[in-house]
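The values are calculated or read from the model by the stated rules, or taken from the named source; none is laboratory data. Keep in mind it's a predicted model, so treat the numbers as computed, not measured. So basically every Cβ, Gly included, is an ideal-geometry build from the backbone, and we count neighbours across all protein chains shown.
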Amino acid sequence: MTQMAFSMRRKFSLSTYYLLAAAVLFVSCHSQKESAEMNSKTLSGANASFKPGEVWLEDNGQPINAHGGGLLFRNKTYYWYGEVRGKGASRGVNVYSSKDLYNWKHEGLALAQVQDTTSDITVGCIMERPKVIYNEKTKKYVMWFHLELKGKGYSAARAGVAVSDNPTGPFIFLKSFRPNGNMSRDMGLFVDDDGKAYHIYSSRENYDLRIALLTDDFLSPTTKDSLLFSKHREAPALFKYKNNYYLITSGCTGWDPNKASLHVAASLFGPWQYVGDPMVGPGAELTFGGQSTFVLPVQGKKDAFVFMADKWKPKDLADSRYLWLPVSFKNDVPFIEWKDEWKLSDLDHNLQTNK
Ligand code: GAL
């Protein structure tokens, strides 16, 4: 063998060795990663846990696009309504459906913006924080959302109302207005045990938080419309636990996270008492980077709630992430702790340790 042939063979066998080593390393890392992922997935590849802040894919493998949203439970199905965002721009309201809260099917646009330039929801308007409730009397699904008119920034401060015969829409846009003449930006809806529904909204440049009882058809506010408190709060998420009403809100710092607060009242019209910051542990002082949008009562579990927030990404709003976290209780006072990953069964434990 010549010197050259020898060194070529040595080079070949060395590089083969390196290649093999790299392949072994790759396969072992890959299978480690895969088995970590398998822990939170069922054998069919479906999700079996929540991973707050991670990209959440729907059944077709696309990231869920439903920001500032809220959920409705009907016909043994959860429906998730939220803002469709495309690189910052508002594109309407999406709806997804799920049986288990982990796995979601995209049902399409529940409410689309329209080409008609005379419509309040013409393309270019801003639709935020949509919420849908079901009216037992009219058998209609009623959507309320925060609407800003095209080209007017955030100055219109209106509530929009749309209606549908089906939970997945399409919803028909009815009207937009300032409830009882009041500015209306961040908002939520709440249906009480007696079937009455309420609109909770930030008003007077977000300095006031107000609540209005809705008409029986849920399509309009009544004049029973009152101030909850003037503390410059927004992103209201209201829920009822053991005959008390709880309201989580954020401060007003645009897309940037801030400190949440919790208020409690025995009646929706107050008086509302400040409890404190319901977030606990590392990251709590900035709501773990998120902003409240909804608190979901979990079906089939007594006193079990999921706190939902948006971790906004203003440069690419579509990629804003969802923070869903379990609501825990201590001496019957709700609080929320960060979890990298959790399951609905954790809520049972939360209730058992409510002492
Ligand atoms: C936030 C509000 C969001 C959106 C944003 C626009 O304060 O909660 O829904 O309106 O401002 O900057």
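Before moving on, here are some points about what is shown:
- Some residue of the stretch 246-262 being among the β-branched types (Val, Ile, Thr), farther than 25 Å from Asp225 by Cβ and in contact with a Pro (Cβ under 6 Å, 6 or more places away or on another chain): no
- Set Thr249, Thr287: member being crowded, with 16+ Cβ neighbours inside 10 Å, within 16 Å of the ligand (Cβ to nearest atom) and assigned to a strand (DSSP E or B): Thr249
- When residues in the stretch 143-164 are screened for being among the basic types (Lys, Arg), out of contact with any strand residue (DSSP E or B) (no Cβ under 6 Å at 6 or more places or on another chain) and either in contact (Cβ under 8 Å) with a residue 12 or more places away in the chain or crowded, with 19+ Cβ neighbours inside 10 Å (or both), 0 of them pass.
- Candidates Lys87, Lys131 - the one that is within 16 Å of the ligand (Cβ to nearest atom), buried (at least 19 other Cβ atoms within 10 Å of the Cβ) and charged (D, E, K, R): Lys131
- Residue satisfying condition, being over 16 Å from Lys150 (Cα atoms) and in a loop (DSSP other than H, G, I, E, B), within set Leu109, Leu101: Leu101
- Cross-chain or 6+ apart pairs with Cβ under 6 Å, the stretch 56-69 first and without any contact (Cβ under 8 Å) to a residue 60 or more places away in the chain, then assigned to a loop (DSSP other than H, G, I, E, B): Glu58/Ile64; Glu58/Trp104
- Test: residue in the stretch 256-264 that is within 16 Å of the ligand (Cβ to nearest atom), of a type in the set (A, V, I, L, M) and closer than 16 Å to Glu128 by Cβ: no
- Checking Asn180, Asn135 one by one, the residue that is modelled with pLDDT of 95 or more and more than 26 Å from Leu71 (Cβ to Cβ) is Asn180 and no other.
- Failed item, numbered, when Pro167 is tested on (1) more than 16 Å from the ligand (Cβ to nearest atom); (2) under 19 Å from Gln113 (Cβ atoms): (2)
- Taken over the stretch 35-60, the criterion of being part of a strand (DSSP E or B) and at pLDDT 95 or above is satisfied by Asn47, Phe50, Leu57.
- The number of residues in the stretch 262-280 being under 13 Å from Val333 (Cβ atoms) and of a type in the set (S, T, N, Q) comes to 1.
- The stretch 219-246: number of residues that are within 16 Å of the ligand (Cβ to nearest atom), part of a loop (DSSP other than H, G, I, E, B) and among the charged types (D, E, K, R): 2
- Selected residue (only one of Lys240, Lys302 is basic (Lys, Arg) and either within 14 Å of the chain's Cα centre (by Cα) or under 28 Å from Asn180 (Cα atoms) (or both)): Lys240
- Residue check for Arg185: within 26 Å of Thr118 (Cβ to Cβ) and without any contact (Cβ under 8 Å) to a residue 24 or more places away in the chain: no
Residue by residue, here is whether (1) touching a strand residue (DSSP E or B) at 6+ places or on another chain (Cβ under 6 Å); (2) not aromatic (Phe, Trp, Tyr) holds:
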{"site": "Gly181", "(1), (2)": "no, yes"}
{"site": "Gly195", "(1), (2)": "no, yes"}
{"site": "Tyr207", "(1), (2)": "no, no"}
{"site": "Cys252", "(1), (2)": "yes, yes"}
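- Qualifying residues in the stretch 290-338 (those that are in a strand (DSSP E or B) and either among the polar types (S, T, N, Q) or surrounded by fewer than 16 Cβ atoms within 10 Å (Cβ to Cβ) (or both)) - the one nearest to the ligand (Cβ to nearest atom): Gln291
- Test for Gly124: is it surrounded by fewer than 16 Cβ atoms within 10 Å (Cβ to Cβ), of a type in the set (Gly, Ala, Ser) and modelled with pLDDT under 95: no
- Any hit, the stretch 265-283, residues being within 16 Å of the ligand (Cβ to nearest atom) and either touching a Gly at 6+ places or on another chain (Cβ under 9 Å) or within 26 Å of Gly160 (Cβ to Cβ) (or both): no
- Top-ranked residue in the stretch 159-203 [being within 21 Å of the chain's Cα centre (by Cα) and of a type in the set (D, E, K, R); ranked as farthest from Lys231 (Cα to Cα)]: Asp192
- Of all residues making up the stretch 307-332, the number that are touching a Pro at 6+ places or on another chain (Cβ under 8 Å) and farther than 17 Å from Asp256 by Cβ: 7
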